[in-house]
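K.L.:
Below is a structure I'd like to ask you about.
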Amino acid sequence: RVWVTYGTEVFDVTDFVELHPGGPDKILLAAGGALEPFWALYAVHSQPHVLELLRDYKVGELSPEDAAKPTGDTEDPFAGDPPRHPALRVNSLKPFNAEPPPELLTQSFLTPNELFFTRNHLPVPSVEPGSYRLRVEGPGGRGLSLSLAELRQRFPKHEVTATLQCAGNRRSEMSRVRPVKGLAWDIGAISTARWGGARLRDVLLAAGLGDKTGEDGEWHVCFEGLDVDASGTPYGASIPLKRALSADAEVLLAYEMNGQELPRDHGFPVRVLVPGVVGARSVKWLRSVVVSPSESPSHWQQNDYKGFCPSVDWDSVDFSSAPAIQELPVQSAITEPRPGAAVPAGEITVKGYAWSGGGREVVRVDVSLDGGRSWRVAELGPRPARGRGWAWALWELRAPVAAGTRLDIVCKAVDSSYNVQPDSVAPIWNLRGVLSNAWHRVPVTVTR
Ligand code: HEM
Ligand SMILES: Nc1nc2c(c(=O)[nH]1)N[C@H]1C(S)=C(S)[C@@H](COP(=O)(O)O)O[C@H]1N2
Ligand SMILES: [Mo]
């Protein structure tokens, strides 16, 4: 049976699941728990007729003990982490790593903040916004120290709609070929938001750090977070200075996400947001920005987030031999239907996302229902009219399907440089399970 709660009331909605206008899969995400966090995301439910409908399914009340929230353990370094949305699929609780379920990922072009995938390496720092300061430094003692108010007031607010993807997105498909080290992300370590903040370029120019662009080799901008490990070492990463100073690259020191202040899990009060670049460089809870002749010395810049030949193993790997991942390759995945689903005969709707790094727009998504023997072109959803291809394209394909058949649904995207995805995982397998962007395959059966 399927039950849910609303306030202190309990409802058995088993018979309503198939009747739900938003689809049965959506209700099942809330099964066994409270409706409020889900309904908060979809305003269609804040109408009287929805509550009336629910009343018909009431079966009881929560006991006072169950109605009270459980309390956390205070010895735990993660005890100060923020509350999270129950729909998130948790890959690791401490540190918190979680992705939205596929059915909700492509429900809206901008991912609601509560559902945006979270990738934390350490406990979430508690930052007092009134005493927050951002240190900006470079060669020759030049630099700045900015309060949050100064960052907001001294620099014009710039907004960018951009998709953020973790290098480990779709890692679980890679571990099916051969085990890899890393969190078992499914297809949801990717999300899209409208980010608002100061341009990093403007801040670097104001700090007098705009001149190291040329002859003496490539310079870098190193970022550190306020999240630190047991030895006091912060999360850190860097990007080339050229990208940081480029007006076209639109790198932000973001303090807003989808029109709200940054949520704690996503870097409150300030994070870096590097459009078109692997998520690892978009440092959250930003404490310092340092212009330097070398890349960040951080573990995550030097000894992680790099790609290798499939034959390189943990005994032979030399992290210094590979460049740090910056721009990501073209990617796409099917969010609906889910692997192994039974879909009704008639018309099937296949949905998914497609995105490429470096601002390369997705120009086409091909979908096959027969494992890649024949293809159809999916319809791309609307995208922001202005700006580069920083954001994903949501796509959809409708096609007739006959009862009793098995479909091997496949998708692959093409970006504006005509880059395509590799057809299989094995040849791009790497020991860390990053850059997993082979054709996405979803087997389903068609029922009567
Ligand atoms: C027992 C629980 C639920 C009830 C009684 C319910 C009821 C409804 C009703 C009556 C509508 C149509 C509203 C209208 O257009 O006037 C609706 C739409 C919708 N519901 Fe629910 N809902 C439930 C749970 C959920 C959950 C848990 C989710 C998300 C995870 C969800 C997502 C949606 C969505 C996305 C729509 C819009 C569908 C569309 O317009 O394409 N619902 N729901
Ligand atoms: N300070 C800090 N910044 C960080 C991280 C972190 O653990 N600490 N994780 C990085 C990684 S690997 C990714 S993919 C993105 C995820 O951002 P999100 O949690 O807002 O989705 O943040 C990046 N920035
Ligand atoms: Mo990541």
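K.L.:
Which of the residues belonging to the stretch 248-261 are out of contact with any strand residue (DSSP E or B) (no Cβ under 6 Å at 6 or more places or on another chain) and either over 22 Å from residue 125 (Cβ atoms) or crowded, with 24+ Cβ neighbours inside 10 Å (or both)?
P.N.:
Selection gives 248, 249, 251, 259.
K.L.:
Let me ask you something else. Identify, from the list 300, 314, the residue that is more than 16 Å from ligand 1 (Cβ to nearest atom), touching a helix residue (DSSP H, G or I) at 6+ places or on another chain (Cβ under 7 Å), aromatic (Phe, Trp, Tyr) and at negative phi.
P.N.:
The match here is 300.
K.L.:
If residue 81 satisfies all but one of (1) acidic (Asp, Glu); (2) surrounded by 12 or more Cβ atoms within 10 Å (Cβ to Cβ); (3) farther than 28 Å from residue 151 by Cα; (4) not assigned by TED's automatic domain parsing to the domain that holds residue 149, what's the number of the condition it fails?
P.N.:
Answer for residue 81: the failing condition is (3).
K.L.:
Inspect all residues belonging to the stretch 56-78 and state whether any of them is surrounded by 12 or more Cβ atoms within 10 Å (Cβ to Cβ), within 26 Å of residue 107 (Cβ to Cβ) and within 9 Å of ligand 1 (Cβ to nearest atom).
P.N.:
yes
K.L.:
Right, here's the next one. Do any helices (runs of 4 or more DSSP H) lying entirely in the stretch 80-187 carry at least 1 residues that are among the hydroxyl-bearing types (Ser, Thr, Tyr), within 16 Å of ligand 3 (Cβ to nearest atom) and modelled with pLDDT of 95 or more, and which ones are they?
P.N.:
Here the list reads 171-177.
K.L.:
Then there is this: Here are some residues: 340, 404, 358. Which one is surrounded by 14 or more Cβ atoms within 10 Å (Cβ to Cβ) and of a type outside the set (A, V, I, L, M)?
P.N.:
358
K.L.:
Exactly one of these conditions fails for residue 93: (1) in contact (Cβ under 8 Å) with a residue 24 or more places away in the chain; (2) surrounded by fewer than 21 Cβ atoms within 10 Å (Cβ to Cβ); (3) under 21 Å from residue 190 (Cα atoms). Give me its number.
P.N.:
(1)
K.L.:
Given the conditions (1) more than 16 Å from ligand 3 (Cβ to nearest atom); (2) touching an Asp or Glu at 6+ places or on another chain (Cβ under 9 Å), which single one is not true for residue 198?
P.N.:
Every listed condition holds for residue 198 apart from (2).
K.L.:
Another question about this same structure. Tell me, which residue of the stretch 157-202 that is buried (at least 24 other Cβ atoms within 10 Å of the Cβ) and over 30 Å from residue 436 (Cα atoms) is farthest from ligand 2 (Cβ to nearest atom)?
P.N.:
198
K.L.:
I've got another one for you. From 288, 292, 296, grab the single residue that is of a type in the set (Gly, Ala, Ser), in contact with a strand residue (DSSP E or B) (Cβ under 8 Å, 6 or more places away or on another chain) and crowded, with 22+ Cβ neighbours inside 10 Å.
P.N.:
296
K.L.:
Output yes when any residue across the stretch 225-237 is over 25 Å from residue 93 (Cβ atoms) and in contact (Cβ under 8 Å) with a residue 24 or more places away in the chain, and no when none is.
P.N.:
no
K.L.:
Return the residues of the stretch 323-347 that are in contact with a Lys or Arg (Cβ under 7 Å, 6 or more places away or on another chain), more than 19 Å from residue 165 (Cβ to Cβ) and in a loop (DSSP other than H, G, I, E, B); say none if nothing qualifies.
P.N.:
345
K.L.:
Follow-up. Determine whether residue 403 is of a type outside the set (Val, Ile, Thr), more than 30 Å from residue 304 (Cβ to Cβ) and part of a loop (DSSP other than H, G, I, E, B).
P.N.:
Judged against the criteria, residue 403 is a match.
The values are calculated or read from the model by the stated rules, or taken from the named source; none is laboratory data. Just so it is clear, the structure is predicted and the values come from calculations on it, not from any experiment. A quick note on method: Cβ atoms are made from the backbone with ideal geometry, for glycine too, and the neighbour counts reach across all protein chains shown.
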